[in-house]
2 protein chains.
Amino acid sequence: MKKVYLDHIADTPLHPEALETMLPYLKENFGNPQSLHSSGQQAQQALEEARENVARLIHAQAAEIFFTSSGSESNNFAVKGLALAQKGRGNHIVLSSIEHQSVLHSAKSLEKFGYTVSLVPVDKFGRVTPEDVRKAITPDTVLVSVMLANSEAGTIQPIKEIAEACREQEVLFHTDAVAAVGNIPVDVTELGVDALSLAGNQFYGPKGSAALFLKKGTRILPFIDGGIQEGGRRAGTEDVAAIVGLGKAAEIAMRDWKKRQEKVLPLRDRLIRELPQRVEHVFFTGHPESRLPHHASFCIEFIEGEAMLLNLDMQGISASSGSACTSRALKASHVLLAMGIDHALAQGSLVFSLIKDTTEEDIEYLLEVFPPIIERLRKMSPLYTQYLEEKKK
Amino acid sequence: MKKVYLDHIADTPLHPEALETMLPYLKENFGNPQSLHSSGQQAQQALEEARENVARLIHAQAAEIFFTSSGSESNNFAVKGLALAQKGRGNHIVLSSIEHQSVLHSAKSLEKFGYTVSLVPVDKFGRVTPEDVRKAITPDTVLVSVMLANSEAGTIQPIKEIAEACREQEVLFHTDAVAAVGNIPVDVTELGVDALSLAGNQFYGPKGSAALFLKKGTRILPFIDGGIQEGGRRAGTEDVAAIVGLGKAAEIAMRDWKKRQEKVLPLRDRLIRELPQRVEHVFFTGHPESRLPHHASFCIEFIEGEAMLLNLDMQGISASSGSACTSRALKASHVLLAMGIDHALAQGSLVFSLIKDTTEEDIEYLLEVFPPIIERLRKMSPLYTQYLEEKKK
C-alpha cells in the first residue's frame, strides 16, 4: 500500500544527516559533558557546536540558548520560570486563547500560587490583534505569551507587533515557536521577543531535543533544579546525541528551508484549493495567507475527525485532527472553538501537514482517496441524514 | 594510548543491543505515539513494551512507570509533585544531607512556597540511620526522600527500614535510585517505597531516558504541564527512541546484572585493597560492605581532585571527583563534608567506578600509573611540603 505521511505537526522524520552526526554520541563518544576528562570535554564541545547552530538559526547568541527535552518543557520553563522570577513585581499573565496546552496549563498551575491569567481572543482566522494584547496588560502583568504559529490552524501571529506592545509596557514576552522554527525564517532580534521555545522534531531533528531562547540578561528561575548544566538553569545530564541532532537539523534548516518551502507551497495550495472542490461541506480553517507553508487545515461537516483519520490510515495516509498532544483525548479543539467555529463542526477537524519529501503524487493520491471515504462516512452519519432530511423540506 | 573508562557514575556506554532496538525509531518508525494513525500506534506500542520492561526490572506494574528525560527530572517531579499534591496536609520535607542536588535544590525551591526542609545526618560511612528519619518526621511532614545509593561514596542506604519508618507515620517516601537501578537488585515492593527515580544512562541505556516509579494510587502533581502523555502526568512528545533504549537496557540488566556484578566485584575489591597500599595518605571513603559493586572511592591527601583527574586523563584514564552534575563547579562535595571528612581532604576526592567491560588489565594499569602521578603532584603541593616539614620537627 502507498504510504503518505502528512502529519508534520505531530512529528517530522529525523533527517539522515542529523542521525549520522548523532551516531558517534550513541556509540564511542558517550562521555558526560560535565566530566573533566577528555571524553567529557569532547561531549561538551559537541554541545557548544550545536548551541552555535541553534542560535544561528534564530539569529541569537549561543549563550542565549538553553537545551531542554521537548517543546512542552521549554514552554513550562518559560512560563513558570519567567513569572516566578518576577514574583515581587506582579502576578498577572496574558496568553492568547489558542496557546498550546503546555503554555495554558503552565499558567493554570501558577494560579495555585496566586497568579491570575487573562486570555486574549483570536479572530475567525485564528489571529491575535496586538491591540487586544496591549489592552490586556495591567500594571500587575509580568508575562505575555503568544505562539508564533498554531499547529492546528496553521496561522502565523503578528509577533513583532505584539512584542512591541509588551516592550512599551515593560512586560516580558515569550513566544512558543515550536511549530514555526526551522520551517519559516525566525529572527529573535527582529521579532523583539525575550524568550522563544523551539523543538527539533518539528524540523527533522530528533525527538527529545528542544531549546529555550532567553534574551541575554533576562532573569528566569530554573525549572529542573539540580546540577550546574546549562549555566545552572536546567539540570540533568545533557542528552548529547539529541542535542547534536538538533544542532545538525538547525544547520540543515538554514541551508534548505527555502528550497523546502518552494517545494511544499504549491502542493499545499493545491490541497487547499481542490479538497473543497472534490467534497461538499468542507471548510478551510486558519488564515489564508499568514500561515505555515506546509499546513492545510479543514473542518469536514457531519463527520468526526477520528473516523476520518482511521479511514485515511487504512489507505496509508497519516494525518491529524488537531494537536497530537491531545488527539487521544478526542475533545473538540480549544483552538477551533476560540476561532468561533461551532462545536459540531470543530469535531470534524482535519490537518494535512506536508513534509519535505511530500510529492505531487502524494497529494494526487489523497485527493482521489478522500471523496469516497467521506461519502462512505457520511452515509453512516446521523447528522448528515438529518441534514438531508431538513434540506428536503 | 590505552583507554580505561572508570566513570560509570557519570555515564555508562550505551549497550549495542539497546542502540540496535533504538535505530528503527530514529529512522522509519518516527511516528508520534499520540497520533491516531498506524505510525503513531506503532510508536505507542513500543513505549508500552519498554514500560513493561522497566517495571519488571524494579518489580513494579507498568502503570506505575512514568518516563522522563533524566534522573534529575524524575527527582524534581517526585519532590515537587508529591509535596505540592499534599499542600493542604502539611509543609515539611525530610531529606538526607547527602541527596543529589536535584533533590536538595527541588526542596529548596519549595521553601519559596512555604515549605520547610529538615536534613537528616549520615555517619562516617555515609549511612542514614532510620531512627533519625523517624525522629525528623513531624505532624507537618508530607514527604521523605533518601537516596538508595550515593554516587560519590558508593554507600547503599537501609531503604527498607527508612520506608517502614515513613509508612508507620503515614508519610510518603521517595528514593532517588538513579545510581542503583540496573546495577543491583531493586524491588519496590520489598523496599516499600512510594516513589523511585531511575535513569537509563546509569545502566547502559541512553542519555535522555529516565523514569519515575509511582506506587498505584499515589497522588502527584504533573511537573511538565501540557498534553495528555504519560496519563496526563508528564507532557511533551515522548522520546520514543530513548524510551525504547531504556526498555532494552532494563531487559538486559535483568539478564546480566549478576554476571556483571560477579565480574566487577573482585576488580573493585582489588582496587580498594591495593590503592592505599601503593600510595601513602589514601583514605577509602563510604561503606566497606553496603556499597555499589562497581564503586571504589577515596580521598587522596594533599592534592586536589581536579589535578588528579587531568593527570589520569593524560594517561587515558577517565575517573571522577564527586558528582558529574557539579564537577565543573569544583566545590568540595557536600556528601563528603556530611560524612565528617574535613574540607581539605574532601577536595582530594576520587571515584573510580567500573563498567561491565572493565578488565583486570585496566585495574592493573591504573595501579601502575597512579603512584607516579601522585608523587609528581605531591612534589608540587604546598600542603604536602608543609606536612613534610611539620613531620621533621
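The values are calculated or read from the model by the stated rules, or taken from the named source; none is laboratory data. Owing to the predicted nature of the structure, the values given are computational and were not obtained by experimental measurement. Neighbour counts run over all protein chains shown; Cβ positions are idealised from the backbone, glycine included. Just so you know, the surface numbers come from the protein's heavy atoms only, side chains and all, with ligands and any DNA or RNA stripped out. Shrake-Rupley method; radii C 1.70, N 1.55, O 1.52, S 1.80 Å.
The table that follows gives values for the structure above.
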quantity	calculated
Spacing of the two label points (7 Å from each Cα toward its C-beta) at B:Glu20 and B:Ala62, in nm	2.3
Cα-based reach from B:Lys87 at 13 Å (exclusive), listing aspartates and glutamates while leaving out same-chain residues under 8 positions away	B:Glu111, B:Asp140
Those lysines that a straight Cα-Cα span of less than 19 Å connects to B:Lys259, excepting residues fewer than 8 apart in one chain	B:Lys248, B:Lys356
Per DSSP, loop GluC sites (Glu not before Pro) in region B:1-50 with at most 13 further Cβ within 10 Å	B:Glu28
Hydrodynamic radius (Kirkwood) for chain B, which is based on Cα pairs only, to one decimal in Å	21.8
Label zone at B:Glu390 (point 7 Å along Cα-to-Cβ), backbone N below 15 Å, region B:275-307	B:281, B:301-303
Long-range HN-HN contacts of B:Ser318 with modeled amide H, under 5 Å	B:Val4, B:Tyr5, B:Leu6
Listed pairs B:Lys331/B:Lys391; A:Lys2/A:Lys124; A:Lys207/B:Lys331 exceeding 31 Å between Cα atoms	A:Lys2/A:Lys124; A:Lys207/B:Lys331
Surrounding net charge for B:Thr138, when Lys and Arg each add one and Asp and Glu each subtract one, Cβ distance under 13 Å	+1
Residue-normalised accessible area of the protein assembly as shown, given per residue in Å² at a 1.4 Å probe	37
Pair A:Gln45, A:Arg219: separation of 7 Å Cα→Cβ label points (nm)	3.8
Expected 222 nm ellipticity per residue - DSSP helices of 4 or more, -39500 (n - 2.57), all of the protein assembly as shown, to 500	-13500 deg cm²/dmol
Antiparallel bridges, percent of DSSP beta bridges restricted to region A:16-253 (to nearest 5)	40
Inter-site label distance for A:Glu52 and B:Asp256 at 7 Å from Cα along Cβ, in nm	3.6
Selection of trypsin sites (Lys or Arg not before Pro), region B:209-301, meeting DSSP coil and at most 16 other Cβ within 10 Å	B:Lys216, B:Arg219
Cleavage-rule hits, GluC sites (Glu not before Pro), region B:154-187, DSSP coil, Cβ neighbours within 10 Å at most 16	B:Glu170
FRET efficiency for A:Thr189 and A:Lys112, using Cβ-Cβ distance with R0 set to 25 Å, rounded to 0.05	0.10
DSSP beta bridge pairing in the protein assembly as shown, given as percent antiparallel to the nearest 5	50
